[in-house]
Every structure is written in C-alpha cells, then in structure tokens.
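**Q** Structure provided below as structure tokens; questions to follow.
The values are calculated or read from the model by the stated rules, or taken from the named source; none is laboratory data. Fair warning: this is a prediction, and the values are worked out from it, not measured in the lab. Because the Cβ atoms are built from the backbone with ideal geometry, glycine has one as well, and the counts that use them run over all protein chains shown. Remember, those area values only see protein heavy atoms, side chains included, never the ligands or the DNA or RNA. Shrake-Rupley method; radii C 1.70, N 1.55, O 1.52, S 1.80 Å.
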Amino acid sequence: MRIDILSAVPDLMHSSFNHSIMKRAIAANHVEVNLINLRDYAIEGKAKQIDDYAFGGGAGMVLMIEPIDKCISQLKSERNYDEVIYMSPDGELLTQKTCNQLSLLKNIIILCGHYKGVDDRVRQHLITREISIGDYVLSGGELPAAVLSDAIIRLLPGVLNDETSALSDSFQDNLLAPPVYTRPAEYKGWGVPSVLMSGHTANIEKWRHEQSVERTKLRRPDLFGL
Ligand code: SAH
C-alpha cells in the first residue's frame, strides 16, 4: 500500500511514522508513506504562498486550491489512486470498519487542512471522501492523518507480529477487547484472574469472550446489535 499525505506542516507527522510499529511496517515495505510539503507546490514568485484570506472576510487563512491541485495532479499522473481523502471535522466519523475497508486499497492520498480549512472547490472537485476523527476541532489535519494512517497500517498483513492480534482488538466484531495482564502475577496484593494462569486454552478463550461481552455491555451497549 502507498499513502501520500499532503500538508502545510509535514514535520508534525514525522515522529508518528518514525517509531515502533509504523517504523517497522515502513522498513519492511508493507507500506510506503510519503509526507509531501504543499509549499513545494506554492504559487511561483509569491514567497511560497499556499494560503490566503477568506473571500467575504472573517478571521483565519484558507489553503489555496492551486498548490493542492498541482500536487494532486502530479501524483495522479504517476499512478492511479483509489481515494483522495480530506481530513475534516465535518466528514464521516472514522470507525474500525472504515479502517478495515481502506486497508484493502492500493494507493491513497490524504489531504490535511490547516488554519480555517481548504478552499471549498478542493472538496467539491478533487476529494473523493472526507473523514473526521471525532467531534472536536484540531488546529490541523496532520494528527488526524497520522491517526487514520496508523489505524490502517496496523491492519496490513505482516505488520503486527501475531497475525491474529489486530482481529482481537476492540471494535472488530463489535466487541471491546478483554482485559490483559502481565508479570508479576501478584503486585501489592493485587492478583490476576486464576484462569489465565491455568494453561487451559479453551477455558482462557471462553473467559476472554465473556469478559469482552461484559465490557461491551457495560461501556458500549450501543455496539450490540449493529
Ligand atoms: N473551520 C473548520 C475547522 C478547521 S480546523 C471547521 O469549523 O470545520 C483545521 C484543519 O484541521 C481542518 O481543515 C482539518 O483538516 C483538520 N481537522 C480539525 N479537526 C479535525 C477532526 N476532528 N477530524 C479531522 N480533521 C480535523
């Protein structure tokens, strides 16, 4: 899979792709992530300008269509893209189901807004899908793009060491994950459920499933019956 992320401040995303699971996924060629600086497509002779005041007035700058269009057009001339996604608080709410679907695609572009957002003509003519990571507003689309990419990349085959690991995470099958424990078996008198120490695989699986159901009923009853 290839993910091209277009941003006015790509440095904001470096650390999330340069550590741990994301770093290993990229090093092992499970995914190629390109952080593209929109300033490299700035309007000639205008001091790398990529934003301007909003027509009609009001506070806040707006990312201009021209650099974004130039960048997307160049990428599209090099390969086909399955989706051109804009991160936006008014987009569809990101879910595990969406991540599962997107993880099957080959090439995607993710556009990060900044300041007040992007010229709406970008959304009308260049974007195929708009995604929000929650009902709150961040300063830019960089953290949302990193969130979306991480959620997709960890689903790609071979990225997680244990193949079943992503499948047993919360929200797969509309169930939350069961509790997990590690050594020591007792800490300050606080123990660990004995079934986990029993070595009895079937009982452990049964316990985990029951815990998942209990947790989901208690914390997210809305997930049942979807
Ligand atoms: N004026 C816009 C918010 C702009 S915030 C509005 O009220 O809707 C600046 C940029 O941050 C947005 O263009 C978007 O790319 C990103 N962003 C902010 N919050 C986000 C969220 N919850 N999900 C996805 N992207 C978000």
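**Q** Applying the selection to the stretch 82-112, what residues are acidic (Asp, Glu) and in contact with a helix residue (DSSP H, G or I) (Cβ under 9 Å, 6 or more places away or on another chain)?
**A** Asp82, Glu83, Glu92
**Q** Also, quick follow-up: For the stretch 110-119, indicate whether the set of residues that are under 16 Å from Met1 (Cα atoms), touching a Leu at 6+ places or on another chain (Cβ under 7 Å), touching a residue at least 12 places away in the same chain (Cβ under 8 Å) and outside any helix (DSSP H, G or I) is non-empty.
**A** yes
So that you can scan it fast, the table gives a plain yes or no per residue for (1) free of Cβ contacts under 8 Å to residues at least 40 places away in the same chain; (2) of a type outside the set (Ser, Thr, Tyr); (3) assigned to a loop (DSSP other than H, G, I, E, B):
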{"site": "Ile131", "(1), (2), (3)": "no, yes, no"}
{"site": "Asp135", "(1), (2), (3)": "no, yes, yes"}
{"site": "Leu143", "(1), (2), (3)": "no, yes, no"}
{"site": "Val147", "(1), (2), (3)": "no, yes, no"}
{"site": "Asp150", "(1), (2), (3)": "no, yes, no"}
{"site": "Asn161", "(1), (2), (3)": "yes, yes, yes"}
{"site": "Asp173", "(1), (2), (3)": "yes, yes, no"}
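**Q** Let me ask something additional. In the stretch 50-78, which residues are out of contact with any Leu (no Cβ under 7 Å at 6 or more places or on another chain) and either farther than 20 Å from Asp4 by Cβ or part of a loop (DSSP other than H, G, I, E, B) (or both)?
**A** If the condition is that a residue be out of contact with any Leu (no Cβ under 7 Å at 6 or more places or on another chain) and either farther than 20 Å from Asp4 by Cβ or part of a loop (DSSP other than H, G, I, E, B) (or both), then Asp52, Tyr53, Ala54, Phe55, Gly56, Gly57, Gly58, Ala59, Gly60, Met61, Val62, Met64 are the ones that fit.
**Q** Report, ordered by the first and then the second residue, all pairs with beta carbons closer than 7 Å, sequence separation of six or more or different chains, a first member in the stretch 188-200 that is in contact (Cβ under 8 Å) with a residue 12 or more places away in the chain, and a second member that is among the hydroxyl-bearing types (Ser, Thr, Tyr) and surrounded by 11 or more Cβ atoms within 10 Å (Cβ to Cβ).
**A** Partner pairs satisfying both residue conditions: Leu196/Tyr181.
**Q** Exactly one condition in (1) near the ligand (Cβ under 10 Å from one of its atoms); (2) closer than 26 Å to Val159 by Cα is not met by Asn100; state its number.
**A** (1)
**Q** Let me ask you something else. Can you give me the number of residues within the stretch 140-156 that are open to solvent by 10 Å² or more (accessible area, probe 1.4 Å), more than 6 Å from the ligand (Cβ to nearest atom) and not aliphatic (A, V, I, L, M)?
**A** Matching residues across the stretch 140-156 total 2.
**Q** Just to be sure, is Ile127 of a type in the set (Val, Ile, Thr) and more than 14 Å from the chain's Cα centre (by Cα)?
**A** yes
**Q** What tally of residues in the stretch 176-208 results from selecting those that are at negative phi and open to solvent by 70 Å² or more (accessible area, probe 1.4 Å)?
**A** The qualifying residues number 16.
**Q** Can Gly134 be described as surrounded by fewer than 15 Cβ atoms within 10 Å (Cβ to Cβ), more than 13 Å from the ligand (Cβ to nearest atom) and small (Gly, Ala, Ser)?
**A** So Gly134 fails the test.
**Q** When the stretch 12-24 is examined, which residues are found to be more than 19 Å from Ile109 (Cβ to Cβ) and touching a residue at least 24 places away in the same chain (Cβ under 8 Å)?
**A** Passing the criteria: Ile21, Arg24.
**Q** Kindly indicate which of Asn34, Asn29, Asn18 is touching an Asp or Glu at 6+ places or on another chain (Cβ under 9 Å) and either surrounded by 11 or more Cβ atoms within 10 Å (Cβ to Cβ) or of a type outside the set (Ser, Thr, Tyr) (or both).
**A** Among Asn34, Asn29, Asn18, only Asn34 is touching an Asp or Glu at 6+ places or on another chain (Cβ under 9 Å) and either surrounded by 11 or more Cβ atoms within 10 Å (Cβ to Cβ) or of a type outside the set (Ser, Thr, Tyr) (or both).
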